[in-house]
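Structure first, then comments.
The values are calculated or read from the model by the stated rules, or taken from the named source; none is laboratory data. Just so it is clear, the structure is predicted and the values come from calculations on it, not from any experiment. Neighbour counts are summed over all protein chains in view; Cβ atoms, including those assigned to glycine, are modelled from backbone coordinates with ideal geometry.
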Amino acid sequence: MKPPRFVRPLTATERRQVEELFHRGPNARVRRRAQAVRLSAMGYAVSQIVEILGCARQTPHNWLNAFEARGCEGLFDKPRSGRPVTATVEYRSRLVAAVKTNPRDFSYPFTVWSVTRLRAHMAKEMNILLSETRVREIMKEESLVFKRPKHTLAKKRDADAFAEVRDLLDRAKKSPWNPVPA
């Protein structure tokens, strides 16, 4: 039977870095790997780490090997190839500009942007159609928010008649209540 596997002894700096990654790593994957290294340094065998983390038997070995080879950098994911981003830097900058511009300036019949309207506008402008969810994500990343429109009929009412009725209502509120006997 093979002896249990443990990570090599950690230096004080490595121990602090692993603790920092365990508590405040950039994502759950890095925090989990740091936890495995931390547990191994505390004397837990790989079989115990597997039981605690609920992962495959080989996984902690891979994490410990990566840590021993590259230090804390080994706990981070390597860059992966994949689909190129659809929302380019130009798309983002034009989206920000569009949100900050009144839709009427683009000859639209409305005065307030919605995600659906913004998405359609950007598809027309850039020939890039993103999902509504992705547009919301980009807006959040760019610290943009929609203002909830306040619909009012203030501009459509007769100001003189409104003032007269408001005065009448104020006088009625201030007068004593006198019910008419039946």
Next on the checklist: Being exposed (fewer than 10 other Cβ atoms within 10 Å of the Cβ), among the hydroxyl-bearing types (Ser, Thr, Tyr) and at pLDDT 90 or above: is that true of SER81 here?
Outcome noted: no
Checklist entry - If you check PHE76 against the conditions, is it at pLDDT below 90 and either under 23 Å from the mean Cα position of the chain (by Cα) or in the same structural domain as ALA36 (by TED's automatic domain parsing) (or both)? => result no
Next on the checklist: Name the residue that is surrounded by the fewest Cβ atoms within 10 Å (Cβ to Cβ), counting only residues in region 23-64 that are touching a residue at least 40 places away in the same chain (Cβ under 8 Å) and of a type in the set (D, E, K, R).
Outcome noted: ARG29
Next on the checklist: Filter region 65-74 down to the residues that are surrounded by 11 or more Cβ atoms within 10 Å (Cβ to Cβ) and farther than 14 Å from ARG31 by Cα and list them by number.
Outcome noted: ASN65, ALA66, GLU68, ARG70, GLY71
Checklist entry - Does any residue of region 85-92 turn out to be of a type in the set (Gly, Ala, Ser), at pLDDT below 95 and out of contact with any Leu (no Cβ under 9 Å at 6 or more places or on another chain)? => result no
Checklist entry - Exactly one of (1) touching a Lys or Arg at 6+ places or on another chain (Cβ under 8 Å); (2) within 15 Å of GLU73 (Cα to Cα) is unmet by ARG32. Its number? => result (1)
Checklist outcome for this item: Note: among VAL99, VAL112, just one is within 16 Å of GLU137 (Cα to Cα), surrounded by 10 or more Cβ atoms within 10 Å (Cβ to Cβ) and in the same structural domain as ARG136 (by TED's automatic domain parsing), namely VAL99
Checklist entry - Is there a residue in region 148-163 that is touching a residue at least 12 places away in the same chain (Cβ under 8 Å) and over 18 Å from VAL89 (Cα atoms)? => result yes
Next on the checklist: Restricting to region 1-34, count the residues that are out of contact with any Asp or Glu (no Cβ under 7 Å at 6 or more places or on another chain), among the hydrophobic types (A, V, I, L, M, F, W, C) and not in a helix (DSSP H, G or I).
Outcome noted: 3
